[in-house]
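Engineer: Let me give you the structure first, and then I'll get to my questions.
The values are calculated or read from the model by the stated rules, or taken from the named source; none is laboratory data. The model shown is predicted, which means the values in this text are computed figures rather than measured ones. Methodologically, a virtual Cβ is constructed for each residue, glycine included, from the backbone with ideal geometry; neighbour enumeration extends over all protein chains shown. We work out accessible area using only protein heavy atoms, side chains counted, and drop any ligands, DNA or RNA first. Shrake-Rupley method; radii C 1.70, N 1.55, O 1.52, S 1.80 Å.
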Amino acid sequence: PPSKGGCSGSAPPQVCGVALVAIGIYAQVALDKALVASTASAAGTPVAILVLGIIIFFISFFGCCGAWKESYCMVTTFAVLLSIIFLVEVAAAIAGYVFKDKVRSVLEDRLWDAMNKYGEDKVLTERVDELQRRFFCCGANNYTDWSSIERFRVNNTVPQSCCRVNSTSSPLCPQGCLQSIEAWMKEKILIVAPVALGIAFFEILGIVFACCLMKGIRSGYEVM
């Protein structure tokens, strides 16, 4: 019979699970600070990553038990589930790339919606001010966007959060918040992308280990 495989085949997915949980928490905190008004997709993405990490972590324990008990059925189930999750992640990455322009459009719509409710909705007003101060931006595309809103067009003014403090040049932030958020997201993607590739590698490694263990278990049964 084969020797007990321990958790070697499921260790890489455990690492993936922990990494995804960490990324999910990081994304939730980061997006909460960056987005002026949360959309269902924006709020759901970090939560989905977090849930996926937890699922992978528990699946890896399932695979660990299968390896320890030398259960062909459990190890096979582990390999199949991990393969499905990997394919779902690939599909999500492709969909994110294909619909990136749609994300920009949704973000711009939410910015305009928040700007139109500025001064009327206290929470949105605070979030817009926080956004403009944090990213040193003004309006969706630039500071002239505020002139399309009645209360600011009448007095030809902009929110105080648009103004630079102790500036020797322009008193207003010339860049729009949409551009600033996009630049911020691209910067974060450069950090997340290598981590995502590492997670994919470990998942593939886990699938390969599981298949090797399945073969070893089956060979042991045939010998017996």
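Engineer: Within segment 63-77, work out how many residues are surrounded by 18 or more Cβ atoms within 10 Å (Cβ to Cβ) and more than 12 Å from I217 (Cβ to Cβ).
Structural biologist: 2
Engineer: Before we move on, is D145 in contact with a Ser or Thr (Cβ under 7 Å, 6 or more places away or on another chain) and open to solvent by less than 50 Å² (accessible area, probe 1.4 Å)? Walk me through how you get there before you give the answer.
Structural biologist: Working: in contact with a Ser or Thr (Cβ under 7 Å, 6 or more places away or on another chain): no; open to solvent by less than 50 Å² (accessible area, probe 1.4 Å): yes.
No.
Engineer: Within segment 195-209, identify whether any single residue is among the charged types (D, E, K, R) and farther than 30 Å from A79 by Cβ, and answer yes or no.
Structural biologist: No: segment 195-209 contains no residue that is among the charged types (D, E, K, R) and farther than 30 Å from A79 by Cβ.
Engineer: Please go through segment 114-126 and pick out each residue that is in contact with a helix residue (DSSP H, G or I) (Cβ under 8 Å, 6 or more places away or on another chain), assigned to a helix (DSSP H, G or I) and over 18 Å from Q175 (Cβ atoms).
Structural biologist: The answer is L124, and nothing else.
Engineer: Is there a residue being open to solvent by less than 40 Å² (accessible area, probe 1.4 Å), of a type in the set (D, E, K, R) and in contact (Cβ under 8 Å) with a residue 12 or more places away in the chain anywhere in segment 101-112? Full working, then the answer.
Structural biologist: Keep residues of segment 101-112 that are open to solvent by less than 40 Å² (accessible area, probe 1.4 Å), which gives 107, 111.
In the following step, the residues that additionally are of a type in the set (D, E, K, R) were identified as none.
No, there is no match, as no residue in segment 101-112 is open to solvent by less than 40 Å² (accessible area, probe 1.4 Å), of a type in the set (D, E, K, R) and in contact (Cβ under 8 Å) with a residue 12 or more places away in the chain.
Engineer: I've got another one for you. Look through segment 164-181, keep the residues that are open to solvent by 50 Å² or more (accessible area, probe 1.4 Å) and under 32 Å from the mean Cα position of the chain (by Cα), and return whichever of them is modelled with the lowest pLDDT.
Structural biologist: Only one residue tops the list, namely R164.
Engineer: Looking for something open to solvent by 50 Å² or more (accessible area, probe 1.4 Å) and acidic (D, E) - is there at least one such residue anywhere in segment 186-201?
Structural biologist: yes
Engineer: I'm checking my understanding of the structure. Among residues of segment 91-102 that are of a type in the set (A, V, I, L, M, F, W, C) and out of contact with any helix residue (DSSP H, G or I) (no Cβ under 8 Å at 6 or more places or on another chain), which one is farthest from A183 (Cα to Cα)?
Structural biologist: As a first pass, look at segment 91-102 and keep what is of a type in the set (A, V, I, L, M, F, W, C): 91-95, 98-99.
When the remaining residues are screened for being out of contact with any helix residue (DSSP H, G or I) (no Cβ under 8 Å at 6 or more places or on another chain), the result is 91-92, 94-95, 98-99.
Values: A91: 25, A92: 22, I94: 21, A95: 20, V98: 19, F99: 17 Å.
Of everything passing the filter in segment 91-102, A91 is farthest from A183 (Cα to Cα).
Engineer: Within segment 170-210, which residues are in contact with a Cys (Cβ under 8 Å, 6 or more places away or on another chain) and closer than 30 Å to C64 by Cα?
Structural biologist: I199, F202, E203, G206 - these are the residues of segment 170-210 that are in contact with a Cys (Cβ under 8 Å, 6 or more places away or on another chain) and closer than 30 Å to C64 by Cα.
Engineer: Which of the residues spanning segment 84-100 are modelled with pLDDT of 80 or more and open to solvent by 40 Å² or more (accessible area, probe 1.4 Å)? Working first, answer last.
Structural biologist: First, the residues of segment 84-100 that are modelled with pLDDT of 80 or more: 84-88, 90-91, 94.
Hits for segment 84-100 are I84, F86, L87, V88, V90, A91, I94.
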